[in-house]
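Encoded as structure tokens, the structure appears first; notes follow it.
No value in this document is a laboratory result; all are computed from the given coordinates. Fair warning: this is a prediction, and the values are worked out from it, not measured in the lab. Quick reminder, even Gly has a Cβ in these numbers, built from the backbone with ideal geometry, and neighbours come from all protein chains shown.
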Amino acid sequence: MKLSLVAIALIILSAGCTQQDQKVKNYTPRTLTNNEVFNDFPTNASDSISVLSNNEEKGETFGAKFRDSTVHIQADAADQSKGPTKFASAQFINKQKTALLVQIADSSGLVPRPFLIAVKNGALEVISLYRPSKGKEDLKFSEGVKKIGATGYLVNNDFFITNVTAKVYLVKRQNPEERIQGKVLLMSPDKQTIIFAVKDFLYQVNYRTDEVVSEPIVAGSPKGDEAAFNKWITTNYAFTKNKSGNTFLKYHDDNRIVDMKEFK
């Protein structure tokens, strides 16, 4: 009889643990406030976020867990799923693991949907990394989360998130109604100016100060060969600091040899 009671207790305990492991909490994303910082230090170890890895037939996906619940992001009103949200990518942007940059796994071919999952004052929240855009080539230039060296992450040409300090900047657009219609080329040596190749010019924006410079791409640049174009830029352009102390790429016609360290 005693053995039967013990067995029943173990079954109940096991069921309770299984239900706890499968507990899901829904989060509705909020809008980002410009230049927010998501670098909270946890009071307790349970205040950090955990990343779950799932090996599936179509590739690896990820999930997020906070305390005893896995995270479900209700990205739109039609999303009534009760299961945890699957992410195509997930990377922490601070050392204490209280800020996680994710991208929802989506096979529809639409613009990637990135979000920030962050702990603030002991509570978890989800922040939308989306800005409306009417750009004709948005699909071409919206590449989701793109790591830029060790400095941080560029998100759909619209946000720059610094690594370690977990600060989110809104990247100033050429046209307020559309995201930057160009490919990121490189960053300035001080890691504050992002250079985009946009048709016939280099659109350069200092994400900290919002100062922008549009430098024409002079005649003679290679077309259709990205590697050759990048090499041509490093040969014919150099970084110069202006009166405001910001660094931008400028054309030089003296064919001087440029130190490649400037372009790292």
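The table below lists the values:
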read-out	value
The range 31-97 and the range 99-159: distance between their alpha carbon centers, rounded to Å	13
Too-long pairs where the Cα-Cα distance tops 23 Å, listed order kept, from LYS65/LYS134; LYS95/LYS191; LYS146/LYS167; LYS25/LYS167; LYS134/LYS231; LYS25/LYS147	LYS65/LYS134; LYS25/LYS167; LYS134/LYS231; LYS25/LYS147
Sequence-distant residues sharing a close amide H with LYS120 (under 5 Å, placed H)	GLU125
Inter-site label distance for ALA227 and TYR251 at 7 Å from Cα along Cβ, in nm	2.6
The range 82-157 pair-distance distribution - Cα-Cα, 10 Å bins, rounded %	17, 48, 29, 6, 0
Shape call, the range 179-259: gyration tensor on alpha carbons, a/c limit 1.5	oblate
Cα gyration tensor category, rounded, prolate or oblate, for the range 21-175 with a/c compared to 1.5	oblate
Paramagnetic reach from ILE148 in the range 156-183 [backbone N under 11 Å; point 7 Å along Cα→Cβ]	156-163, 169-172
Local electrostatic count, SER128, Cβ distance below 14 Å [Lys/Arg +1, Asp/Glu -1]	-2
Derived scalar couplings ³J(HN,Hα) [the range 71-87; Karplus, 6.51 cos²θ - 1.76 cosθ + 1.60; whole Hz; x for Gly, Pro]	9, 10, 9, 7, 5, 8, 5, 7, 7, 10, 4, 9, x, x, 6, 9, 10
